[in-house]
Amino acid sequence: MSGRGMNNVWAIVLSTALVYTVLSALMAVIPGITMSHMAPTPGLKPYTRQERLGRQVYVSEGCAYCHSQVVRPIREDAVYGRPSVGGDFVFQTPELLGDHRNGPDLTDIGERQPSTVWQLIHLWDPRALVNESIMPRYTWLFTVKARAAPGDVVVPVPPGFGPSTGVVVATKRALHLVDYLESLKQVPLTKSAVMK
Amino acid sequence: MADAPATAVSERADATLFSAFTLSATFWLLFATAVGLLLSFKFPYPDLATSPFLSFGRLRAIHTNGTFYGWASIALTGCVLYVAAKTSGTAIKGKAFAWLGLICYNIAAICGTVTLDLGINYGDQEYREWVWWVKLIFVAALALTGTSLVRTVAERVEREIYISNWYLIGGFVFTIIMSIIAFIPYYQYGMGQVAVQGYFMHNAVGMWFTFLALGITYYALPKLLNRPIYSYALGVLGFWTNMIFYPLIGAHHFEFTPLPWWFQTLAIVFSVGMLVPVWAGSGNFFLTWRGHWETVRRSYALPFLVVGVIYYFLGSTQGTFEALRSVQIILHFTNFVIGHSHLTMYGFITFIAWGGIYALLPQITKKAPSLIATGLHFWLAFIGVTIYVISLSIGGVLQGLDWAAGNPFIVSVEAADPYWVARAVGGTMMFLAHCIFAYNVYLMTVGRRPAGATRALSGSQGASV
């Protein structure tokens, strides 16, 4: 049995390249282009500078490996908010939909957990707030100082979870990240938005 | 197909090249799975190694990219060049390209690891975390080693191009194209980037590693069994159906998202279609074996190929069912998916890479691995990955059922916890297996031990057409 017509190495290279390029154009390039130009969900605002910087911290620290940001239209996801629509993601590049939930979905976390203090303590040591949590501590987003300087945001760490001496002060990166987390609020869908 | 007499000099040069690929791949296997092991212990011990450079979020991408682009890509490429040369009855051509390619693979893996550890990435998108210039170095490695591959096949002595080479050349062509498409950022934003990510993360696995592993198996298996492949036609069917169906199924990673419903449905339909190439390929290998199972006990390499083919069949068939919407509702976002990725990338791809290395490397270096070490390597890796996959499969189902029951999230964490411990046990066995494999690689390459009576190496001309 021979591969007739496929005994020229260039026939293999060119035929595979041609077929694969066509399929890739159909399944990646064209959807990539068309879905990049969706209309934003009415009421959706672009990120502020702080929120954008915070989003960069989120990406850089790999938060999306454990926290998804997409709500599916199924009963299991109702706890995380309303089902996501394409217009919700218009300002989200890089996309952070994620594919694992070692932690809960964060699409609407700004609504569920709006407290800055909670978020800061949780980033310093998640187990100070949720005993069974397996989230890592992000201690490098904080500095431990002997005493707070004017303008420092001191984290009120519960006893037993802080350093033996001094105070825990949030860095700019921590504050930006919390700004971003607090911005994660779904805009309500109007009937006209759904019909689009 | 015949092993044409190559001059002793070019044979030695081929041996050096193959050895260099295997040695650097082994380094990345040890490094990336040591990272994986640390990550697995972070689940039961989340306070372990609290440092930005050892944090879960950064190391996870280092583990996946290190195993993908360091270990598996380099290991398989080394085997690929050898298989191309043997099936073409010639020496490896364009060796300078191959050496340069090996250097680029390593530079890419080093730069990728360092940048990820500094928190510099393209986005938390699986397998394309490396920033564009690192990925460019990787594409250069593909182009360079691919040039060596194509030249070897083009300058063959044999009239016909053996089926292996279709798979091998195809794998390089596909991966260069998909990398360019995925890494040009100027057209993908928001959901558009999601569409490209679904395409890329799936194609990077199925159009690269699968094609290379199948191409190597189509050579190594008949060679070791000393009999021809059961059906050339099934191999051709598998080639074309895999090539046409696979690019269509990436969106099954984003079911129930705002990607168009028909786009998701298309992906599911062709995920079912993938049963054709998977069963054609694995069936072809099983039928080649039929009546010769006793050979498995007498070979270093065949047990690895057996496990690789069985896990190819199981893992890929499992993938089809995971794509179904009713299954996704429970299992998506759970650790079941991590079990699946290790069943395929480890149980299938890595076992085939080991089978290929044990089957082919000693033939050209004339240095055999240790029999006891090979046995230990096999059983530790096989039992280890089986524990790994089963524990995460159970843990993942429990997570999914907790979410379906509407329990508080932390209940699913507590439910999965014992299975994360079991996974770390399996992972420890896997890592020990890699240390033993590294010892064997040492024996097969730079070691001084002369080739012993290695029955597995005596097969000849098995893949004759």
Here the alpha-carbon Rg of the stretch A:1-60 over 2.2 N^0.38 Å rounds to 2.11
Of A:Pro159, A:Pro46, A:Pro83, the most mobile residue in a GNM of chain A (C-alpha springs, cutoff 10 Å) is A:Pro159
For chain A, the longest principal axis of the Cα atoms and the Cα long axis of helix A:9-24 enclose an angle in degrees, to the nearest 10, of 50
Expressed to one decimal in nm², the mean projection of the alpha carbon convex hull of the stretch B:323-451 is 8.7
Sorting B:Trp289, B:Ala368, B:Phe313 by the position of each Cα along the dipole of the stretch B:262-384 (Lys, Arg +1; Asp, Glu -1; all at Cβ), the one nearest the positive end of that ordering is B:Ala368
If each part is reduced to its alpha-carbon centroid, the stretch B:43-104 and the stretch B:332-355 end up apart, in Å, by 16
Inter-chain shielding metric for B:46-59, i.e. average beta-carbon neighbours from other chains within 10 angstrom, reads 5
Partner shielding of A:83-96, as the mean number of partner chain Cβ atoms within 10 Å, equals 6
With label points set 7 Å from each Cα along the Cα-to-Cβ direction at A:Arg49 and A:Ile33, the distance between them in nm comes to 3.6
Ranked from fewest to most other Cβ atoms within 10 Å of their own Cβ, B:Glu126, B:Glu294, A:Glu132, A:Glu51 fall in the order B:Glu294, A:Glu132, A:Glu51, B:Glu126
re the protein assembly as shown: pairs of Cα atoms spaced beyond 31 Å account for a percent value of 52
With the 8 Å Cα cutoff and a minimum separation of six or more residues, chain B has a relative contact order in percent of 18
The stretch B:1-161: spread of alpha-carbon positions along the three principal axes, whole Å, largest first, is 59, 28, 25
Listed residues A:Met38, A:Met135, A:Met27; largest mean-square fluctuation, Gaussian network over chain A with Cα springs below 10 Å, found at A:Met27
CD proxy, 222 nm, the protein assembly as shown: helix-only mean residue ellipticity via -39,500 (n - 2.57) per DSSP H run with n ≥ 4, per residue, nearest 500, stands at -19000 deg cm²/dmol
In degrees, nearest 10, the alpha-carbon axis of helix B:191-203 is tilted away from the dominant principal axis of the alpha carbons of chain B by 40
Hull volume per residue for chain B, using the convex hull of the C-alpha atoms, in Å³ is 135
The Cα radius of gyration of the stretch B:265-360, divided by 2.2 N^0.38 Å with N its residue count, comes to 1.22
Scoring the stretch A:49-195 by relative contact order with C-alpha pairs under 8 Å, at least six apart, yields a percentage of 30
To the nearest 20 debye, chain B has a Cα-centred charge dipole, built from +1 on Lys and Arg Cβ and -1 on Asp and Glu Cβ, of 1360
Counted neighbours (other Cβ, 10 Å), sorted fewest up, put B:Val157, B:Val421 in the order B:Val157, B:Val421
By Cβ neighbour count within 10 Å, fewest first, B:Met345, B:Met207 rank B:Met345, B:Met207
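Rule-based calculations on the coordinates, nothing more; no lab input. Just so you know, these numbers come straight off a predicted model, no measurement behind them. Quick reminder, even Gly has a Cβ in these numbers, built from the backbone with ideal geometry, and neighbours come from all protein chains shown.
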